[in-house]
1. Skipping prolines and chain starts, which residues have an amide H placed within reach, meaning under 5 Å, of the one on VAL55, given they are 5 or more residues away or on another chain?
2. Residues with amide H under 5 Å of VAL19's amide H, sequence separation 5 or more or different chain, H placed in the peptide plane at 1.01 Å from N; which?
3. Across segment 49-66, in residue order, what do the Karplus-derived ³J(HN,Hα) couplings come to in whole Hz, using 6.51 cos²θ - 1.76 cosθ + 1.60 with θ = phi - 60° and x for Gly and Pro?
4. Applying a 10 Å radius around every beta-carbon, put 57-66, 26-35 in order of their mean neighbour count, most first.
Amino acid sequence: MSNKRNLNIAVVEKNIDRVWFRQKEAAKWLGVGESTIKDMRLNGTLSYYTFGGTVLIRKADLEKHIKKVT
């Protein structure tokens, strides 16, 4: 059972593009306010998607943004 759990973790890390955050979660992950995330989306510095009225942001896009600004 332990090997199965380790395999699942490896798959999640390998497929980071499949990890999505809502705007509030993205803000918490970055350590900024939701208004900052909204500003970043609206001025084009952060990619996002909408699905049924919900804003979704890929973790990979957040990590790209961090690399860009540091």
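Values quoted throughout were computed directly from the atomic coordinates according to the rules given, and no laboratory measurement underlies them. Since the structure is predicted, the reported quantities are computational estimates derived from the model, not experimental observations. Cβ atoms come from the backbone with ideal geometry, glycine included; neighbour counts cover every protein chain shown.
1. Hits under the 5 Å cutoff: GLN23.
2. Amide H neighbours of VAL19: LYS59, ALA60.
3. Listing the rounded values in order: 9, 10, 9, x, x, 9, 7, 10, 10, 6, 4, 4, 5, 5, 5, 4, 4, 4 Hz.
4. 57-66, 26-35
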